[in-house]
Amino acid sequence: MTRMLVRNTGGSVTLFAFDRGEGLSEHTAPFDALLVGVEGEAEVRIGATTHLLGEGQTVLIPATVLHAIDPVTEFKMLLVMIRGDGSA
C-alpha cells in the first residue's frame, strides 16, 4: 500500500506499508531520498551496503545509487523525495 501525503516542486512524502516478503526491487531514483522507519524492520540495500531500518530510524539514499527494500517483518516507512537544484 502506498499513499502520497505531500507533493510539490520541492519533493514529496509517501507512506509505504509492506507485508513480510513484499518490498521494492533494486532501482535508482533521480533525487536524494530519505527513508524514515515507522513500524517494523526492513533491510535497505544502498549500493553494496545493507542497513537494518527500524522504527524511528532514518537512512539517506543518494540520487542515482542502486537501492532495494526487503522487509524483515510487516514494515511501514515514509519516503521523502528531495527535489532541488542543489543550491543552498
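Overview of values
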quantity	calculated
Extreme residue, modelled with the lowest pLDDT, among residues of region 64-88 that are within 15 Å of Gly11 (Cβ to Cβ) and in contact with a strand residue (DSSP E or B) (Cβ under 8 Å, 6 or more places away or on another chain)	Gly84
Per-region count, region 55-74, residues loosely packed, with under 15 Cβ neighbours inside 10 Å, assigned to a strand (DSSP E or B) and not hydroxyl-bearing (Ser, Thr, Tyr)	1
Single unsatisfied condition, Leu35 versus (1) at positive phi; (2) part of a strand (DSSP E or B)	(1)
In region 7-44, residue farthest from the chain's Cα centre (by Cα) [restricted to those that are open to solvent by 80 Å² or more (accessible area, probe 1.4 Å), farther than 12 Å from Val72 by Cα and without any contact (Cβ under 8 Å) to a residue 40 or more places away in the chain]	Asn8
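The values are calculated or read from the model by the stated rules, or taken from the named source; none is laboratory data. All figures in this text were calculated on a predicted structure; none of them were measured in a lab. Glycine gets a Cβ as well: all are built from the backbone with ideal geometry, and neighbour counts include every protein chain shown. For the accessible areas, the whole protein counts, side chains as well, though only heavy atoms, and no ligand, DNA or RNA atoms are used. Shrake-Rupley method; radii C 1.70, N 1.55, O 1.52, S 1.80 Å.
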